[in-house]
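One structure below.
The values are calculated or read from the model by the stated rules, or taken from the named source; none is laboratory data. Source: prediction; values computed, not measured. No Cβ is skipped: glycine too gets one built from the backbone with ideal geometry, and neighbour counts run over all protein chains shown. Ligands, DNA and RNA are stripped out before the accessible areas are found, and what is left, the full protein with its side chains, is counted by its heavy atoms. Shrake-Rupley method; radii C 1.70, N 1.55, O 1.52, S 1.80 Å.
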Number of protein chains: 2
Amino acid sequence: MTNIFEIAQKAKVSRTTVSRVLNNHPYVKADKRDAVLQAIKELHYVPNFNAVHLSKGKTNIIGVMVPKIDHPFFSQLIAGIGDACNRHGYSLLLHQSNNDSNQELEFFNKLKYKLVDGLILGSTISPPHVLDEMAIYGKIISCEVSESKSIASVFIDHESGLQLALDHLREQGHQHIGLCIGNAKSGVGINRKQSFFNYQQKYQLRWHADWYFDGKYTIEDGIQVARQLFSLPDRPTAMVVGSDYVAAGIIYEARKQGVRVPDSLAVTGFDNQPISKVVELSTIHQPIKELGNTAADLLYNLIHSHDVPSTNKLNLSFIKRNST
Amino acid sequence: MTNIFEIAQKAKVSRTTVSRVLNNHPYVKADKRDAVLQAIKELHYVPNFNAVHLSKGKTNIIGVMVPKIDHPFFSQLIAGIGDACNRHGYSLLLHQSNNDSNQELEFFNKLKYKLVDGLILGSTISPPHVLDEMAIYGKIISCEVSESKSIASVFIDHESGLQLALDHLREQGHQHIGLCIGNAKSGVGINRKQSFFNYQQKYQLRWHADWYFDGKYTIEDGIQVARQLFSLPDRPTAMVVGSDYVAAGIIYEARKQGVRVPDSLAVTGFDNQPISKVVELSTIHQPIKELGNTAADLLYNLIHSHDVPSTNKLNLSFIKRNST
DNA sequence: TTAACGTATGGTACGCGTTTCAGAGCAACC
DNA sequence: GGTTGCTCTGAAACGCGTACCATACGTTAA
């Protein structure tokens, strides 16, 4: 393989000058520049980025970790980050952790070992002290609320999102509202549950333990939830659901059983996935791509030693369709 | 930053021995090994992977390119590749091309510049000669049919998949069948189009140029397609659609306009995405994660100089629901 | 006229770990 | 006793590009 030394010889200049040409340094006279470019062409020179990275001490790569790549939330998040990377000329190293702490450590090592200039955490199960330890090796951005003081975060304000849905349902006259969420133990889950019950107390809505479901993620789950709901003697007039897919399952089953939506049961979803349009589901739009974009921009600024706010909230919006 | 030289000094051995310890080389006596490990611990030594990569001439990173990360097909593909990477101890560098040829070249350079050991192309618009040029710099696997002789491919057998759908429609008595696909210039697009028209000729199905659509990807696109279809004086009795989302859009609009599915228009989708269940769409199930897995395994074998078959087909299955 | 500054170029150290080669020590085998 | 072969260790070269410092020349300002 040819390297800059051979180019330098052929063009009768020093390696330094070759490097200057490659990096568009202004202090190179036109004739030398041309000679170098000519030599590069004739010898089919290809630079070796590993040498560049070693020498410069940075790679222009950022690491992104998510539990599951093919979850719609995370794939949109990654897409947003990917756009920002293309904009900034960064590459994206992606790691699927499956919520496994060993996999997470594996990923953190990429920063430690200087493979990446910074990290974006889509979601993590590692405790704050692990993150604090890693923050000494480079910049880290979390895309969820984080207890660690040493890393900045950007996240979607789920509490206000839930309020949007509940306000809307109350305006429509609903007083009996059920809740259906995904993982009750995740940060998002705890947050949503808490916000829901706070709201309920504040407005003294009626409540029944049968109106609560968790661990629901899929359309199938939604169908199950609907079956349970429809067998209740005393059922809610509206359901707030933490996932468009689950909500779609509920609507699907309602239609099948002849339960009219929204007259007999109003349903709201979460995420504004494409599916929500098809089943005419009122839902809460999360700016997920924007979340990814913002995370990448923040990281970019941090890497270039600009200050950024340590917590950044993004707002949601309620999208009214025919399910409420 | 401490490096192996300092470790060597502290442990009173040579850099070579330190390197041997780090790489678990067997020919190191226990006492020296312990001394090195002790020094590493005391000095908080962290290896620099950029130096390792430069020295070894490889990075254990593979590059993955897709047009759009948050398209369900590609996010599942990436997830499959990600699983395989975790299995093999490889990292994954992800690039979103947006079907832009400059972005594709940008990505190919990662291989040229030795940033990655090999490439997986989710889908590409680059002509075969570009791929051939790149293949001299490293191993490349395509996840769609490729005209390039120099790269191996693994793909889902769209021809037989399309046949499944068409056979089914013919059995139902359909003779007027339209086609709607995504990118007509991608390998998949060319393949599907070709297969469709071959089939059509073979069974002498009627045909009209208005029954063909391409560049359709989203639910919105499907709605547009439906509107155009329904305004035709002479329209097909069935549509074969290359995406569940587009198909869902068609069904959505049909329902809205009171066109009965499948009586007035039968529709088949592609992918068996969750949405197809909700709209009761007959569709073709693709083993997408397996595709990603296989692609990564093939690349792994190629990188380790094992031979692999140059073309690998995966089979599909037809899922009958109520849209046909 | 001289100091000061901008332009242009090269020498060399630096970033850091791996690998090849040479050699020493020691055991086993003929 | 001599040869063969394995275990263990280190010196030095190698992979490759960047950045700092020194230097030389031309120009402008004082």
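Which ones in segment A:247-277 are in contact (Cβ under 8 Å) with a residue 12 or more places away in the chain, assigned to a helix (DSSP H, G or I) and not charged (D, E, K, R)?
Once the filter is applied, which keeps residues that are in contact (Cβ under 8 Å) with a residue 12 or more places away in the chain, assigned to a helix (DSSP H, G or I) and not charged (D, E, K, R), segment A:247-277 yields A:A247, A:A248, A:G249, A:I250, A:I251, A:Y252, A:A254, A:Q257, A:I275, A:S276.
State the number of residues belonging to segment B:86-96 that are within 8 Å of chain A (Cβ to nearest Cβ) and of a type outside the set (S, T, Y).
Looking only at that region, the number is 6.
Residues that are in contact with a strand residue (DSSP E or B) (Cβ under 9 Å, 6 or more places away or on another chain) and of a type in the set (K, R): does segment B:145-168 have at least one?
No.
Looking at segment B:54-70, which of the residues that are out of contact with any strand residue (DSSP E or B) (no Cβ under 7 Å at 6 or more places or on another chain) and in contact (Cβ under 8 Å) with a residue 24 or more places away in the chain is farthest from DNA strand C (Cβ to nearest atom)?
Let us first name the residues in segment B:54-70 that are out of contact with any strand residue (DSSP E or B) (no Cβ under 7 Å at 6 or more places or on another chain), namely B:54-59, B:67, B:70.
Now restrict to residues that are in contact (Cβ under 8 Å) with a residue 24 or more places away in the chain: B:57-59, B:67.
Numbers: B:G57: 8, B:K58: 9, B:T59: 12, B:P67: 35 Å.
Only one residue fits best here, namely B:P67.
Would you pick out the residues in segment B:167-192 that are part of a helix (DSSP H, G or I) and more than 24 Å from B:K320 (Cβ to Cβ)?
Within segment B:167-192, B:G187, B:G189, B:I190 meet the criteria.
Which pairs have Cβ atoms under 8 Å, sit 6 or more apart or on different chains, and link a residue in segment B:1-16 that is within 14 Å of chain A (Cβ to nearest Cβ) to one that is within 11 Å of DNA strand D (Cβ to nearest atom) and of a type in the set (S, T, N, Q)?
These pairs meet every condition: B:M1/B:N48; B:N3/B:N48; B:I4/B:S19.
Would you list the helices (runs of 4 or more DSSP H) that sit entirely within segment B:22-103 and hold 1 or more residues that are small (G, A, S), open to solvent by less than 70 Å² (accessible area, probe 1.4 Å) and at pLDDT below 95?
In segment B:22-103, B:30-42 are the helices (runs of 4 or more DSSP H) which contain 1 or more residues that are small (G, A, S), open to solvent by less than 70 Å² (accessible area, probe 1.4 Å) and at pLDDT below 95.
Scan segment B:17-52 for residues that are within 14 Å of chain A (Cβ to nearest Cβ) and without any contact (Cβ under 8 Å) to a residue 24 or more places away in the chain and jot them down.
Pass one, segment B:17-52, residues within 14 Å of chain A (Cβ to nearest Cβ): B:22, B:40, B:44-52.
Within segment B:17-52, B:F49, B:N50, B:A51, B:V52 qualify.
Do we have any residue at all in segment A:248-260 that's open to solvent by 10 Å² or more (accessible area, probe 1.4 Å) and under 30 Å from A:L94 (Cα atoms)?
No: segment A:248-260 contains no residue that is open to solvent by 10 Å² or more (accessible area, probe 1.4 Å) and under 30 Å from A:L94 (Cα atoms).
Of these, A:S317, A:S231, which one is away from chain B (no Cβ under 14 Å), over 30 Å from A:V64 (Cβ atoms) and among the hydroxyl-bearing types (S, T, Y)?
A:S231
Restricting attention to segment A:1-51, and to residues there that are hydrophobic (A, V, I, L, M, F, W, C) and near DNA strand C (Cβ under 7 Å from one of its atoms), which single residue is nearest to the chain's Cα centre (by Cα)?
A:A51
Does A:N183 fit the bill of being on the phi > 0 side of the Ramachandran plot, modelled with pLDDT under 95, open to solvent by 40 Å² or more (accessible area, probe 1.4 Å) and of a type outside the set (K, R)? Give the steps one after another, and end with the answer.
On the way: on the phi > 0 side of the Ramachandran plot: no; modelled with pLDDT under 95: yes; open to solvent by 40 Å² or more (accessible area, probe 1.4 Å): yes; of a type outside the set (K, R): yes.
So A:N183 fails the test.
Out of the residues in segment A:117-150 that are hydroxyl-bearing (S, T, Y) and away from chain B (no Cβ under 14 Å), which is most open to solvent (accessible area, probe 1.4 Å)? Walk me through how you get there before you give the answer.
Kept after step one, since they are hydroxyl-bearing (S, T, Y), are these residues of segment A:117-150: A:123-124, A:126, A:137, A:142, A:146, A:148, A:150.
From the residues that got through so far, the ones that are away from chain B (no Cβ under 14 Å) too are A:123-124, A:126, A:142, A:146, A:148, A:150.
Details: A:S123: 24, A:T124: 28, A:S126: 16, A:S142: 4, A:S146: 36, A:S148: 8, A:S150: 61 Å².
The residue in question is A:S150.
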